[in-house]
Amino acid sequence: MTEPRLYLLTPPLCEGASFAPLLDAALSAAPAACVRLRFAAEEEAVIRAVADPLREVCLGHDVALVLTDHFRLARPLGLDGAHLANPRLSVREARKALGEEAIVGAHAGASRHMGMTLAEAGADYVSLGPVAESTLGAGEIADEALFEWWAETITTPSVAEGGMTLALAETLAPHADFIAVGAAVWSHPEGPAAGARAFASLLD
């Protein structure tokens, strides 16, 4: 297994312009494989207001940008794909809409069965989590044993997310392909650049 890569999660946003400098600072400080957009509201106008400024930032850093759930907007917005957090959304349907070149990832919670189902459906990656108590869910925690099993059994890359800390990243790095971080970067006491550097240094 190669070294895990950093995967950044935005906060739930209403617009992207004010967040763009923070994202630019984080990406300037540390390499990331992907940024996932999250939205404070589901209206298309909000999604566009978030995506447009942040797309330009990610293009400038050659970082993939995906949006959460609203996969049919990915191509019109010039994004690289979608992350399906809603279990009712179909990986196959998203793939058909976006094409083979787009990124289609999906969330499996802490379920081996769901993870395998998503991988078999053609997801480019499967996210497992939360890895600690977080807003991602109040259910079962995705622990180190799950990631270790996944790495040994499944070829589809895994993303560890939900309540990520530096200590958890260090524990899960030997098994996960991507370490997804949100609040621990954006709320870092020394700023997002320092937060991103801290995680990137740990993953090197």
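Tabulated results
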quantity	calculated
Every residue from region 124-157 that is without any contact (Cβ under 8 Å) to a residue 40 or more places away in the chain, small (G, A, S) and touching a Leu at 6+ places or on another chain (Cβ under 8 Å)	A132, A142
Enumeration of residues in region 2-28 that are touching a Pro at 6+ places or on another chain (Cβ under 6 Å) and without any contact (Cβ under 8 Å) to a residue 40 or more places away in the chain	G16, A17, A20
Identity of the residue in region 161-192, in a helix (DSSP H, G or I) and either acidic (D, E) or touching a Leu at 6+ places or on another chain (Cβ under 9 Å) (or both), that ends up surrounded by the most Cβ atoms within 10 Å (Cβ to Cβ)	V185
Members of region 76-89 that are more than 16 Å from the chain's Cα centre (by Cα) and either at pLDDT below 95 or over 13 Å from I47 (Cβ atoms) (or both)	R88, L89
Helices (runs of 4 or more DSSP H) enclosed by region 22-133 - at least 1 residues per element that are under 17 Å from V185 (Cβ atoms) and touching a helix residue (DSSP H, G or I) at 6+ places or on another chain (Cβ under 7 Å)	44-61
Enumeration of residues in region 9-23 that are among the hydroxyl-bearing types (S, T, Y) and either within 10 Å of V57 (Cβ to Cβ) or over 17 Å from the mean Cα position of the chain (by Cα) (or both)	S18
Residue in region 19-32 that is charged (D, E, K, R), surrounded by 18 or more Cβ atoms within 10 Å (Cβ to Cβ), at pLDDT 95 or above and out of contact with any strand residue (DSSP E or B) (no Cβ under 7 Å at 6 or more places or on another chain) present	yes
Count of region 69-111 residues which are among the basic types (K, R) and buried (at least 17 other Cβ atoms within 10 Å of the Cβ)	1
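The values are calculated or read from the model by the stated rules, or taken from the named source; none is laboratory data. Keep in mind that this is a model prediction, so the values were computed, not measured. Here Cβ is always computed from backbone atoms with ideal geometry, including for glycine, and neighbour counts include all displayed protein chains.
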